[in-house]
Amino acid sequence: MKKIVLISLLCVLSCNQNTMIDEYMEYFPRKEEGFIKEIEKYKGGGYVLTIEKNKNIENISVYETVGGICKKNDYFIKLENSNKCLLKRNDSLICIDCLNILEEERDSLGKINEWKSFEKNYWTKINKKASH
C-alpha cells in the first residue's frame, strides 16, 4: 500500500500543472522569427517548428494548418502579443493564425489579436526588395 501511495505522489508531483490557458499566456507575448530548420508533427495534429535566426534556435508550437503549409527553409514570423503568423517562401507570403484556439479558451484569454478573415489563408506575391 505504501508503494502505491508513493508512486501516486511521485506522479502528481512530476506532472506539469500548466493548463492550456497558462501555455497560451506565455506564448502570445513572444515574437519569434527565423528560417524553419525542422518540422515535427505530434499526435493530435500539432506541429513544433524549429526556427533559426542569427544562430539562435527556438521551438514554436503551431496548429495543424500552419504546420501542413510549412516547408524547411521557409521564413517564419510569429508576431508579438498576437496569434498572427506569417510564412515567407521565395517571393510569396501567407498570413495565418498560429493556433486554433477553442471558443471556451477564448473567454479566459481576453482579446486575441488575429488576422481578419480577408487577410489570411492565401498566398500573395511580395516585393522582391522586401527583407526579413
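Which ³J(HN,Hα) values, rounded to whole Hz and listed in residue order, are derived for segment 35-40 from phi using the Karplus coefficients 6.51, -1.76 and 1.60 in 6.51 cos²θ - 1.76 cosθ + 1.60 with θ = phi - 60°, glycine and proline given as x?
Once θ is set to phi - 60°, the couplings for segment 35-40 become 7, 6, 9, 9, 10, 10 Hz.
List the aspartates and glutamates whose Cα sits under 12 Å from the Cα of LYS78, skipping any in the same chain fewer than 8 residues away.
Result set, ordered by chain and number: GLU32, GLU33, GLU58, ASP97, GLU114.
Kindly write out, for segment 24-33 in residue order, the coupling ³J(HN,Hα) from the Karplus curve 6.51 cos²θ - 1.76 cosθ + 1.60 (θ = phi - 60°), rounded to whole Hz, with x marking Gly and Pro.
My calculation for segment 24-33 gives 5, 5, 6, 6, 4, x, 6, 10, 10, 7 Hz in order.
Which cross-chain or sequence-distant (5 or more) residues have an amide H under 5 Å from the amide H of SER92, H modelled 1.01 Å from N in plane?
ILE126
Using the Cα centre of segment 28-97 as the reference point, and only Cβ charges (+1 on K/R, -1 on D/E), how large is the resulting charge dipole? Debye, rounded to the nearest 20.
80
Just so you know, all these numbers are worked out from the coordinates, no wet-lab data involved. Being a predicted model, the structure only gives us computed values, none of them experimental. All Cβ positions, glycine included, derive from the backbone under ideal geometry; neighbour counts span all protein chains shown.
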